[in-house]
Amino acid sequence: MSARVNAAGQPIGPALPGWTPRPRPPRASMQGRLCRIVPLDPDRHAADLYAALSPDPARWTYLPAEPPASAAAYRDRLAGIAASTDPLHHAILDAAGDRALGLAAYLRIEPAHGVIEVGHIHFGPDLAGRAAGTEAMALMMARAFDELGYRRYEWKCDSLNAPSRAAALRYGFTHEGVFRHAVVTKGRSRDTAWFSVTDAEWPRLRQAFAAWLDPGNFDAAGRQRRSLPEFRGA
């Protein structure tokens, strides 16, 4: 509860002296040790993404689109979204070989309020459950908070999408609730689960991501020594 009150004696939120609208995210790459995130380019990325994402229909259940009928259809689909600025789509590449492994986007970008969402996340098998996937999410969060100065970073998903809900909590998002009957997708009703991280929480999460991603946290077989939630709680 805010301790501030206005002239009418009503409680009001904390002041934000010097606040200005934040920049929109640029079309620029983000470099990590395990992955590189670049603006989506259908000519460069469509073939790799089709190979990584199209074979498994389970990876499409909670996405707004159905699996593509062909590689050509998927390339056309990517061409249709690549020019968008909101959502701003990115391909996630293997740092060693520049092979596209998955997709993620910034969306619902509100510079005036300092709010931005990460979504349209579609990881292939070489990203899902891998350290590179975690690094990709840390890089995108770091751009929003450290580079652009946003105050709130959101994650939303179908409330029935258990892997997405678990991923949000693992990354340090706070579950804020479920919006019932939020949207109609693929002819069915969807309740949407909302999660967020604020700028006040980010320094602790940044430190945990860095500690978890350190090569010393993994054994010779690539197994983690300590979990990401363990580092957050330390």
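Quick rundown of the values:
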| item | result |
| --- | --- |
| All positions within the stretch 29-62 that are in contact (Cβ under 8 Å) with a residue 40 or more places away in the chain, of a type in the set (Gly, Ala, Ser) and over 19 Å from residue 76 (Cβ atoms) | 32 |
| Residues that are farther than 15 Å from residue 45 by Cβ and of a type in the set (A, V, I, L, M), drawn from the stretch 55-72 | 58, 63, 65, 69 |
| Single match in 201, 230 (criterion: of a type in the set (Asp, Glu), at pLDDT 95 or above, surrounded by fewer than 16 Cβ atoms within 10 Å (Cβ to Cβ) and within 25 Å of residue 157 (Cα to Cα)) | 230 |
| Subset of the stretch 153-174 that is surrounded by fewer than 20 Cβ atoms within 10 Å (Cβ to Cβ), touching a residue at least 12 places away in the same chain (Cβ under 8 Å) and of a type in the set (Gly, Ala, Ser) - its residue that is farthest from residue 128 (Cα to Cα) | 159 |
| Pairs where the first residue, in the stretch 208-223, is within 16 Å of residue 142 (Cβ to Cβ) and the second is of a type in the set (S, T, N, Q), C-beta under 8 Å, 6+ apart | 209/134; 211/217; 212/134; 212/224; 212/227; 213/134 |
| Those residues of the stretch 14-30 which are within 30 Å of residue 96 (Cβ to Cβ) and in a loop (DSSP other than H, G, I, E, B), in sequence order | 25, 26, 27, 28, 29 |
| Pick from the stretch 31-44, criterion within 17 Å of residue 97 (Cβ to Cβ) and within 16 Å of the chain's Cα centre (by Cα), ranking: surrounded by the fewest Cβ atoms within 10 Å (Cβ to Cβ) | 31 |
| Positions within the stretch 175-207 being farther than 28 Å from residue 124 by Cβ and touching a residue at least 24 places away in the same chain (Cβ under 8 Å), in sequence order | 198, 199, 201, 204, 207 |
| For residue 142: the one exception among (1) surrounded by fewer than 21 Cβ atoms within 10 Å (Cβ to Cβ); (2) at pLDDT 95 or above; (3) among the small types (Gly, Ala, Ser); (4) over 15 Å from residue 199 (Cβ atoms) | (4) |
| Yes/no for residue 206 being of a type in the set (D, E, K, R), within 15 Å of the chain's Cα centre (by Cα) and under 19 Å from residue 105 (Cα atoms) | no |
| 3 or more residues more than 21 Å from residue 39 (Cβ to Cβ): qualifying strands (runs of 3 or more DSSP E) within the stretch 58-167 | 152-158 |
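Yes or no, residue by residue, for (1) within 20 Å of residue 58 (Cα to Cα); (2) among the charged types (D, E, K, R):
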| site | (1), (2) |
| --- | --- |
| 101 | yes, no |
| 114 | no, no |
| 130 | yes, yes |
| 151 | no, yes |
| 155 | no, no |
| 165 | yes, yes |
| 168 | yes, no |
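The values are calculated or read from the model by the stated rules, or taken from the named source; none is laboratory data. Note that the coordinates shown come from a computational prediction; the quantities given were computed from them, not determined experimentally. Virtual Cβ from ideal backbone geometry, glycine too; neighbours counted across all protein chains shown.
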